[in-house]
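A.B. asks: Shown below is the structure under consideration.
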Amino acid sequence: MGLRDETEFLAMAQRCLRASELRELCLRRERELVLLVGHRGGIDALGEEIRQGSPAALAQEKEEGEGRLPRLRQEIDEARRLLGVRDKEIADLRCDERQISLGEGISRLQARLRGAVREWLVTSICRFCLEEARRRHERERQPEVIREADRSLQVMTGGRYALMATGSDNARTVELEERATGRRKGEGAWSSGLGDQVYLALRFGLARLFGRKAEALPLILDDILVRFDEGRQEGAARVLLEEARHRQVLFFSCHEGTTRLLARMAQEEAFPPERRAFFRLDQGTIRSEDGLSEPL
């Protein structure tokens, strides 16, 4: 290697070590420059800018940068302090009982909302089914109900009126026709007593129709004759007794005259005595009125 002695060898070794250290330093500085300029290609542009600048201008720029450095460090320290404050606030919120309570409240409200949505869905489906059943009933069974109601109305009015259905399936109404003249009356032309008779006839017709579709249930009535005059009471009583031949009828009244009327009409209509019974509620005790069940 052309070295004369050990001293030259040690000197050469030191130079090699120094060269290695300088190469490592150059690599570090190069990486720092890449971080500063953003990409490796910008190093050449930075070098060109430095070569074109004067030493005095670069020295001034360095001095200005060093002057800004304390302020920037102070801003960084303040930002770090604020970041620490915010981190503490976030940690406190996570442990705050109010936050836990609010979270539980939100969970309860969400559960109630889910329950309300389910209830709304069930209600909507039920409403749709009921509306569909109503439309089907009006389309398929309402004419039959009106025919049955017409039978009852003719008995109640002594054959004076016939009940007629008018309109389409979507907007069906009823009218009364005077059998003697053929003149028709809309609902607005009915007297209150006649309207009550029509309503009662429709109730009887509906109950009669349901009794044909399934087991006939007892018919429970509460003082339905109280709004009628004597003539209309007798007509309604005849229909009531006719219904009682086919199903059980429970009639409640607080009027002594109504009880006497039903007993008299039952005898006139030859209603079997063994199929009728009268009872009185007297101070919480139910007592049989045997005398009214027997022929007068």
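No lab work stands behind these numbers, since they all come straight from the coordinates. Note that the coordinates shown come from a computational prediction; the quantities given were computed from them, not determined experimentally. All Cβ positions, glycine included, derive from the backbone under ideal geometry; neighbour counts span all protein chains shown.
A.B. asks: Which ³J(HN,Hα) values in Hz, rounded to whole numbers, follow from the phi angles of the range 175-190 under the Karplus curve 6.51 cos²θ - 1.76 cosθ + 1.60, where θ = phi - 60° and Gly and Pro get x?
C.D. replies: 9, 10, 10, 6, 5, 6, 10, x, 6, 9, 10, x, 4, x, 9, 7
A.B. asks: Moving on. Report the Stokes-Einstein translational diffusion coefficient (µm² s⁻¹, integer) for the chain, Rh taken as the Kirkwood radius over Cα pairs, at 4 °C with viscosity 1.567 mPa s.
C.D. replies: Details: Rh = 30.6 Å.
Answer from the Stokes-Einstein relation: 42 µm²/s.
A.B. asks: I'd like the antiparallel share, as a percent to the nearest 5, of DSSP beta bridges with both residues in the range 215-296. Show your work: numbers first, answer last.
C.D. replies: Values: 4 of 8 bridges.
Taking every DSSP beta bridge with both residues in the range 215-296, the antiparallel ones total about 50 percent.
A.B. asks: Sketch the reach of a paramagnetic label on Leu35 as a point 7 Å from Cα along Cα-to-Cβ, and name the residues of the range 76-98 whose backbone nitrogen lies under 20 Å away.
C.D. replies: 76-80
A.B. asks: Please give the FRET efficiency for Leu250 paired with Thr166, using the beta carbon to beta carbon distance and R0 = 41 Å, rounded to the nearest 0.05. Intermediate values should be presented prior to the final figure.
C.D. replies: Working: r = 35 Å, r/R0 = 0.84.
Step by step, r from the Cβ atoms, then E = 0.75.
A.B. asks: Report relative contact order for the range 147-207 in percent, whole number only (criteria: Cα-Cα under 8 Å, sequence separation at least 6). Before the final figure, lay out each step's value.
C.D. replies: Numbers: 75 pairs, mean separation 22.2, N = 61.
After rounding, I find 36 percent.
A.B. asks: A further question on this structure: Name the most mobile residue of Ile220, Ile76, Ile125, meaning the one with the largest mean-square fluctuation, in a Gaussian network model of the chain with Cα contacts below 10 Å.
C.D. replies: So, out of Ile220, Ile76, Ile125, the one fluctuating most is Ile76.
A.B. asks: Another question, then. Using Cβ counts within 10 Å as a stand-in for footprinting exposure, how do Thr259, Thr285, Thr166 rank, fewest first?
C.D. replies: Values: Thr259 17, Thr285 7, Thr166 11.
Neighbour counts put them in this order, fewest first: Thr285, Thr166, Thr259.
A.B. asks: Restricting to Cα pairs below 8 Å that are 6+ residues apart, what does the relative contact order work out to for the range 215-296? Please round to a whole percent.
C.D. replies: On the way: 70 pairs, mean separation 22.5, N = 82.
Value for the range 215-296: 27 percent.
A.B. asks: Also: Can you give the calculated 222 nm mean residue ellipticity of the chain, where each DSSP H run of n ≥ 4 adds -39,500 (n - 2.57) and the sum is split over every residue, rounded to the nearest 500 deg cm²/dmol?
C.D. replies: Values: 9 runs with 193 residues, N = 296.
Rounded to the nearest 500, the figure is -22500 deg cm²/dmol.
A.B. asks: List the residues, sorted by chain then number, that are 5 or more residues from Leu219 or on another chain and whose placed amide H is less than 5 Å from its amide H.
C.D. replies: Amide H to amide H, under 5 Å and 5 or more residues apart or across chains, Leu219 pairs with Gln248, Val249, Leu250.
A.B. asks: Mean Kyte-Doolittle of at least -0.5 plus a Cα span of 20 Å or more along the axis: flag which DSSP H helices in the chain meet both, please. Working shown, then result.
C.D. replies: Values: long enough: 6-37 (46 Å, 0.03); 55-95 (58 Å, -0.93); 97-136 (58 Å, -0.40); 142-156 (21 Å, -0.57); 192-213 (32 Å, 0.20); 230-244 (21 Å, -0.67).
Long hydrophobic helices here: 6-37, 97-136, 192-213.
A.B. asks: What nm value, rounded to one decimal, do you get for the distance between Leu109 and Leu72 when each label is placed 7 Å out toward the C-beta?
C.D. replies: Taking the simple label geometry, Leu109 and Leu72 are separated by 4.7 nm.
A.B. asks: If the chain between Arg227 and Glu6 were fully stretched, how many nm would it gain, using 0.36 nm times the residue separation less the Cα-Cα distance?
C.D. replies: Working: separation 221, 0.36 × 221 = 79.56 nm, distance 14.08 nm.
So the extension gain works out to 65.5 nm.
A.B. asks: Only Cα pairs under 8 Å and at least 6 apart count here; give the relative contact order of the chain as a rounded whole percent. Let's see the in-between values first.
C.D. replies: Details: 196 pairs, mean separation 27.8, N = 296.
About 9 percent, as a whole number.
A.B. asks: Let me ask another. If the elastic network links every pair of Cα atoms under 10 Å, which of Leu72, Leu194, Leu27 fluctuates the most in the Gaussian network model of the chain?
C.D. replies: Judging by the Gaussian network model, the answer is Leu27.
A.B. asks: Now for a separate question. Going by amide H atoms built from the backbone, whose H comes under 5 Å of the H on Val174, apart from near neighbours?
C.D. replies: Amide H neighbours of Val174: Thr166.
A.B. asks: The chain: longest stretch without exposed trypsin sites (Lys or Arg not before Pro) (DSSP loop, at most 11 other Cβ within 10 Å), sites themselves excluded? Mind showing how you got there, number by number?
C.D. replies: Values: sites that count: Arg4, Arg40, Arg183, Arg245.
That would be 41-182.
A.B. asks: Which chymotrypsin sites (Phe, Trp or Tyr not before Pro) in the range 192-296 sit in a loop by DSSP (not H, G, I, E or B) and have at most 11 other Cβ atoms within 10 Å of their own Cβ? Please report the intermediate quantities before stating the final value.
C.D. replies: Values: sites: Tyr199, Phe204, Phe210, Phe228, Phe251, Phe252, Phe278, Phe279; in loops: Phe228, Phe278.
Hits after loop and neighbour filter: nothing returned.
A.B. asks: Compare the Cα positions of Gly284, Leu225, Ala214 along the charge dipole of the range 207-296 (+1 at Cβ of Lys, Arg; -1 at Cβ of Asp, Glu; about the Cα centre) and return the one farthest towards the positive end.
C.D. replies: Farthest towards the positive pole: Ala214.
A.B. asks: For a quick check: with amide H placed at 1.01 Å from N, whose amide H comes under 5 Å from Phe278's, ignoring anything fewer than 5 positions away on the same chain?
C.D. replies: When sequence neighbours closer than 5 places are left aside, the close amide H contacts are Glu289, Ser293.
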